Amino acid sequence: MGEGYHRAKDGAVFTASFFEERETMEDTISAIATPRGMGGIGVVRISGKDALRVADAVFSADSGKRLSDTEGGRFLHGRIVDSSGEEIDEGLALVFRAPRSYTGEDVVELQCHGGQYVLRCALALTYSAGARPAERGEFTKRAFLNGRLDLSQAEGVMEVVGARTRGALTMANGHLTGRFSKEIKGLRDAILAMLAHIEANIDFPEDEVDDVIAYDLEKNIHGVRMKITDMMRTADAGRVLRDGLPTAIIGKPNVGKSSLMNAFLREERAIVTDIPGTTRDAIEEVADVGGVPLCIVDTAGIRAGADTVERLGIERSREYAQKASLVLMLFDGSRPLDAEDEEILTIAKEREESAMILLTKVDLPPQTTAATLSECAGGLPVHSISTETGEGLEDLTIAIRGRVYRDASEGAEGTFVATEREARTLQEADKHLEAALDSLAGAVGLDFVSIDLRSAWEELGKLTGEALGTELLDEIFSKFCIGK
Ligand code: GDP
């Protein structure tokens with residue numbers, strides 16, 4: 001165990017910086033926890049050892065009872081008042097007592113009316129009473145530092161907030177509820193068992209390492225590596241579920257682009273296109289296609305029909321195709337292919353990996369068949385669809401899901417690798433395991449194998465937050481919003 005590490009009773013490893021972090025937790029923090037804008041209610045959240053005292057300074061209960069004298073899990077009705085006793089708002093104060101709160105500390109949530117001005121006044125009062133502004137994600141960070149959540153679960157909180165489809169939510173909940181952490185703990189336990197096994201046999205001289213032990217170790221290391229490989233296979237799907245799949249829908253005017261987009265969005269035209277000069281480039285909509293969030297770029301460009309605003313020229317199509325990871329290329333089955341279609345097909349050949357060729361309007365008498373189109377597209381598969389009858393749309397959804405999930409199994413989203421950090425850490429751990437196998441094969445002695453295994457074990461601990469430094473913590477929690 002390296003210097004600066006500390007092993008807690010339960011075997012968890014903390015770096016020295018962990019304890020520095022804990023010192024900043026002496027402060028009582030507060031923030032507006034609800035989104036900006038107007039709403040029915042807005043919440044000012046206060047957390048820390050002085051939370052009840054701070055709240056008492058700004059909240060006056062109708063009953064005259066002090067929050068400091070109120071049990072956890074209760075709420076009082078009253079008024080938010082400034083230091084001169086003037087009323088700012090009426091509202092509720094919810095009391096949570098340590099450790100039974102989100103952060104694990106004393107927490108008061110002041111429910112005010114949901115106006116930005118009134119909320120800011122209430123927040124300013126908490127500062128005057130001794131709280132300091134919470135940093136991004138600081139409530140969740142405290143929950144982590146107080147052992148309410150492990151790191152993967154803390155990241156899950158953000159994923160739940162950001163989830164845009166059922167698949168993404170299932171993945172986020174898997175992290176939040178600890179399903180992902182459990183997988184990681186399983187791997188760490190397996191490594192720990194190997195370390196114990198080595199410890200019991202470490203006295204063997206180098207050249208006498210028992211073959212049986214070496215064989216067992218090799219088998220077990222392979223086992224862990226295989227599990228890591230399986231998890232890594234879910235990383236691409238996890239990233240798409242979390243961030244969405246940048247998608248372009250291209251094809252000449254009238255081919256059915258906006259009809260397809262509306263079918264994906266299951267709504268009528270939402271964007272009015274008859275305002276000349278409006279900026280449309282940045283417009284993006286997110287469609288839930290079988291649980292996969294498709295981020296459709298240039299929706300307005302698509303929606304601009306043949307005789308409104310600008311058409312999607314071939315160069316712009318190419319540009320959009322380049323930005324996208326999935327390019328849906330549409331060809332009108334009720335018309336013969338023409339020169340414009342041929343040009344779109346050249347893009348298909350350039351972007352073979354991400355292209356999907358769709359034959360549209362197949363409810364109408366065919367002028368172009370799937371076979372002809374496929375041949376012109378250099379043998380790429382063709383999906384036939386009709387947004388009029390719905391034919392082929394389910395198959396298209398399944399095909400898109402299939403592309404995203406690849407080897408990752410559906411229904412197992414809860415254990416998907418969701419972030420770049422997780423993917424990187426798993427890769428690092430795997431490198432240490434590979435080194436352990438090399439050490440084993442090189443017969444350099446069990447203590448070398450032990451060092452590699454220990455490194456892998458510590459690396460995996462970074463995922464659940466059992467071993468990591470301040471910098472990484474800051475990096476992770478800075479991605480949160482204030483008040484979370
Ligand atoms: P875009 O210019 O590529 O966005 O094409 P639109 O989606 O606006 O469609 C052009 C025309 O084709 C509209 O009149 C649609 O109603 C019609 N259309 C689109 N998809 C289908 C389809 O699957 N079947 C039939 N029969 N008509 C369709």
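The table below gives the values:
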{"item": "Enumerated helices (runs of 4 or more DSSP H) restricted to region 140-219, each holding at least 2 residues that are under 30 Å from ASP447 (Cβ atoms)", "result": "179-201"}
{"item": "Test: residue in region 324-337 that is assigned to a helix (DSSP H, G or I), at pLDDT 80 or above and either over 24 Å from ILE398 (Cβ atoms) or not assigned by TED's automatic domain parsing to the domain that holds GLY390 (or both)", "result": "no"}
{"item": "Counted residues, region 359-390 - those being within 16 Å of the ligand (Cβ to nearest atom), closer than 28 Å to ALA339 by Cβ and not in a strand (DSSP E or B)", "result": "15"}
{"item": "Per-region count, region 66-115, residues out of contact with any Ser or Thr (no Cβ under 9 Å at 6 or more places or on another chain) and of a type in the set (A, V, I, L, M)", "result": "5"}
{"item": "Residue match in region 199-214 (condition: more than 20 Å from the chain's Cα centre (by Cα) and at pLDDT 90 or above)", "result": "no"}
{"item": "Residue satisfying all of: in region 175-194; of a type in the set (Gly, Ala, Ser) and over 23 Å from ASP474 (Cα atoms); nearest to the chain's Cα centre (by Cα) among these", "result": "GLY186"}
{"item": "Criterion: of a type in the set (Asp, Glu) and outside the structural domain of GLU183 (by TED's automatic domain parsing) - qualifying residue of GLU410, GLU434", "result": "GLU410"}
{"item": "Selection count where residues are in a loop (DSSP other than H, G, I, E, B), modelled with pLDDT of 50 or more and more than 16 Å from ARG132 (Cβ to Cβ), scope region 1-60", "result": "5"}
{"item": "Any hit, region 234-242, residues being more than 14 Å from the ligand (Cβ to nearest atom), part of a loop (DSSP other than H, G, I, E, B) and at pLDDT 90 or above", "result": "yes"}
{"item": "Output for region 136-163, where each listed residue is surrounded by fewer than 18 Cβ atoms within 10 Å (Cβ to Cβ) and within 20 Å of THR419 (Cβ to Cβ)", "result": "ARG136, VAL160, VAL161, GLY162"}
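The values are calculated or read from the model by the stated rules, or taken from the named source; none is laboratory data. Just so it is clear, the structure is predicted and the values come from calculations on it, not from any experiment. Cβ: placed from backbone, ideal geometry, glycine included. Neighbour counts: every protein chain shown.
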